[in-house]
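Contents: one structure, followed by commentary.
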Amino acid sequence: MGCSSSAAIEKQSQQLDEAIKAAIHIQQWYRAHSARMQMKQRYTWSIFQSIEYAGEQDQLQLSQFFSFLIDYYIHHCAEMKMTKNGVFSQLLNPSQDLSDRRGLDYMPEVAKVPTYYTGPRISFPLKASDVSSLLKAFKQGKQLHSWYVLQLLQETTNILKEMPNINRLSTRYSKDITVCGDLHGHLDDLLLIFHKNGYPMPEKPYVFNGDFVDRGENSVEVIIILFAFFLIYPKDVHLNRGNHEDYVMNIRYGFKKEVLSKYKLQGLKILQFFQDVFRWLPLATIIDSKVLVVHGGISDTTDLEFLASLERQRFQSLLRMRKSISKAEEAYLKQEFSKMLGSELPLDEPDHNKSTPGTPPLPIEPHSDQQGLNEDGIFSRYSEHQQDQTLNDNQRQVTQNDRYSVTGMLNLPFLDEEMATREELEWKQIADVLWSDPRSRAGCFPNTSRGGGCYFGDDVTTKMFRKYKLKLLIRSHECKQDGYEVCHNGKVVTIFSASNYYEMGSNQGAYIKLGPDLVPRFVKYRSSKSTRRLTLQQRVNVGEETALKALRENLFIHQSEIITACRRFDPDDTGGISSSEWALAVESVLHFNLPWRTLRPRLAKINANGSVDYLSTFRDLQFKQPLKEVQPNLIEAMYRHRADLEIVFGMIDADHTGLISMDEFRQTWKLFCYHRNIRVDDTSMDDLARSIDFNNDGSIDFNEFLEAFRLVQINND
């Protein structure tokens, strides 16, 4: 009996040991699996943000190009008493000030709503039932008639003109105030917020903190709904301006394209009215004199009294600041504009052998031994990146040669206020509150990731709070995985309301409930039903693949610079370097601050000797229709700037035929190359133009242009 009992106990003990070991193994596996998922989520997020901010920098440089054309083309047209017609008419005068016009009366050609129209019908002044009709119709994918849209925008502008730059709210009149962050055209997120939290009304006031449009597919519907609620409850719905309520941003990030596609006949008029409304949007909201709500953030020079006193409507876009140029540059511009206008502009003869100090030289014919040029005659930017390696992001200086660069446009961090004009000071105040981001590092320094506004530290926040007796700063402007983030010891809160911003499952959205105690309570959500059906691993894998695809494209379009950087570590031209060297080379070109060694297995192959085959980074991608008779680096430069050029060509195409003449293409690309310091000879440019004209009709179709620069994955199996 005793032996039998002892054996049973021993067997139970063994089973328990095995169960414990199994549990430990499962726990170890789960922890390892969770760590891998977390690591993937982190680098996927870093890739998305790096590419997003790089795109914003590209946008700022594109707006510099617009300023570059606007300032001098208009000036020289005035010199010659010429009308602004021809190639750049649409580009240079995208929108006129509507403030002096006579409302809808100046558009007699706009037809009233026809009887066959099946969309929502509304009447003015708007009522709650009208907004209900809009919500129901938009859920069904219907569209509001252009005549209603124009009326709504006119009424919205009239009320906004009476509002201050900074709205002041109180929680005494309601249980709480709801604060929403970026929506970016995500209609599902807005509808979900209303479903969970209720519609705006006097008992339920809302603050929508900017970036209502761009990127998403339903920016028009989102902004119409917000304006409709604002018209009904102007004291209870508050709309702060974001950095995307800006005409130049709307060109690149989709709102302009969406408006023109949804309202083909009246699209330009509607777009002009939107631009007018955007410039009248208030810049900030203060709740109970203790909570400051702005889209971006603050700087060490943010002055709320000054911000409240400036004329906000004067800044339709913050991305156009006039810059001076040298006589040599002006002479070159005059020459090029003369060719485009078919007239001679008065100009001084430039001395081609003598360039003005601190200015880029005029474009020259390529020579293989020319410093800074590669063998194809295309300017190499590697030397610039190599110089930047000696400085970190927070130490980089704006050089004279960069006065058309990103950091020279939206960053005036050390502006001499005694020398600056009031317009520059006003511009800086608005740019800082719309573009800035908080960081852990103390002080205020240029926002090198975005190229606009500043980074501000806890000390800047503390000083601001002490000066204005504030308790909390609520801002948006940055996508967060949980929909929100708290920093600066609880003093700064970021709220972002567009879920699935980068990819399905990439992030949650959130909004804030703020009661009389001024303690923020966060409500998180994810709008897509399909996303909720995915497991965590599936969501992570989908996001990772999308991010890596975008990253591979960025590597591909910088391949000549990356190969040059890699070959510095490979003097014997073996084709292989170490993982650390490969990571250094790639980062020296892209400046994405990514964990390249972790990403390397997904981006480059290993040779038999264990070295990284750096050329394999580019073998899996190619253009769908290779342009055989064009210099490879010229194609690379064109692909790199394809989004910019598509925008410019779209603005040149005033009649919306989708066609650009060969001469327009050549001259625009030539000026663009000059502005971006891309060196290329005329013969190569002509070869490129002919190669893109696939059907040989003497013009370039947008579809041809985009098709020429579509990257496809190669199956090497």
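The values are calculated or read from the model by the stated rules, or taken from the named source; none is laboratory data. Since we're looking at a predicted model, the values are computed, not measured. Methodologically, a virtual Cβ is constructed for each residue, glycine included, from the backbone with ideal geometry; neighbour enumeration extends over all protein chains shown. These area figures cover heavy atoms from the full protein model, side chains too; ligands, DNA and RNA do not enter into them. Shrake-Rupley method; radii C 1.70, N 1.55, O 1.52, S 1.80 Å.
Out of everything in the stretch 164-173 that is touching a residue at least 40 places away in the same chain (Cβ under 8 Å) and hydroxyl-bearing (Ser, Thr, Tyr), what residue ends up being surrounded by the most Cβ atoms within 10 Å (Cβ to Cβ)? Outline the logic, then answer.
Restricting attention to the stretch 164-173, the residues satisfying the condition of being touching a residue at least 40 places away in the same chain (Cβ under 8 Å) are 164-172.
Within this subset, residues satisfying the condition of being hydroxyl-bearing (Ser, Thr, Tyr) are 170-171.
Values: Ser170: 13, Thr171: 18.
The qualifying residue surrounded by the most Cβ atoms within 10 Å (Cβ to Cβ) is Thr171.
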Practice item. Can you run down the residue pairs with Cβ atoms below 7 Å, 6 or more apart or on separate chains, where the first is in the stretch 478-489 and within 19 Å of Ile47 (Cα to Cα) and at pLDDT 95 or above and the partner is surrounded by fewer than 19 Cβ atoms within 10 Å (Cβ to Cβ) and of a type in the set (D, E, K, R)? Key: Gly483/Lys524
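Scan the stretch 125-145 for residues that are in contact with a Leu (Cβ under 8 Å, 6 or more places away or on another chain) and either buried (at least 16 other Cβ atoms within 10 Å of the Cβ) or outside any helix (DSSP H, G or I) (or both) and jot them down. Let's see the steps before the verdict.
Kept after step one, since they are in contact with a Leu (Cβ under 8 Å, 6 or more places away or on another chain), are these residues of the stretch 125-145: 125-126, 134-135, 137-139, 144.
Result: Pro125, Leu126, Leu134, Leu135, Ala137, Phe138, Leu144.
Any residue that is over 17 Å from Asp300 (Cβ atoms) and at pLDDT 50 or above - is there at least one of those in the stretch 390-405?
Step one: filter the stretch 390-405 for residues over 17 Å from Asp300 (Cβ atoms), giving 390-393, 395-405.
The next check asks that each one be at pLDDT 50 or above; those that pass are none.
No, that holds for no residue.
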Check your understanding: Since Thr285 meets every condition but one in (1) within 16 Å of Phe208 (Cβ to Cβ); (2) at pLDDT below 95; (3) among the polar types (S, T, N, Q), which condition does it not meet?
Key -> (2)
Review point. Residues in the stretch 507-522: is at least one open to solvent by 10 Å² or more (accessible area, probe 1.4 Å), touching a helix residue (DSSP H, G or I) at 6+ places or on another chain (Cβ under 7 Å) and either at pLDDT 95 or above or under 24 Å from Glu217 (Cβ atoms) (or both)?
Key: no
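Which is open to solvent by 10 Å² or more (accessible area, probe 1.4 Å) and among the aliphatic types (A, V, I, L, M), of Leu239, Leu268, Leu226, Leu281?
Numbers: Leu239 fails: open to solvent by 10 Å² or more (accessible area, probe 1.4 Å); Leu226 fails: open to solvent by 10 Å² or more (accessible area, probe 1.4 Å); Leu281 fails: open to solvent by 10 Å² or more (accessible area, probe 1.4 Å).
The unique qualifying residue is Leu268.
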Practice item. Pull up the stretch 146-163, narrow it to residues that are more than 27 Å from the chain's Cα centre (by Cα) and under 18 Å from Arg312 (Cβ atoms), then point me to the one that is surrounded by the fewest Cβ atoms within 10 Å (Cβ to Cβ). Key: Glu162
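For the stretch 172-256, which helices (runs of 4 or more DSSP H) that fit wholly inside it have 2 or more residues that are at pLDDT below 95, under 21 Å from the mean Cα position of the chain (by Cα) and hydroxyl-bearing (Ser, Thr, Tyr)?
Where helices (runs of 4 or more DSSP H) fall fully within the stretch 172-256 and carry at least 2 residues being at pLDDT below 95, under 21 Å from the mean Cα position of the chain (by Cα) and hydroxyl-bearing (Ser, Thr, Tyr), they are 247-253.
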Review point. Of the residues that make up the stretch 524-536, is at least one at pLDDT 90 or above, hydroxyl-bearing (Ser, Thr, Tyr) and closer than 30 Å to Ala442 by Cβ?
Key: no
**Study point:** Among (1) on the phi < 0 side of the Ramachandran plot; (2) open to solvent by 30 Å² or more (accessible area, probe 1.4 Å); (3) of a type in the set (Asp, Glu); (4) not in a helix (DSSP H, G or I), the one test that Asp570 misses
**Key:** (2)
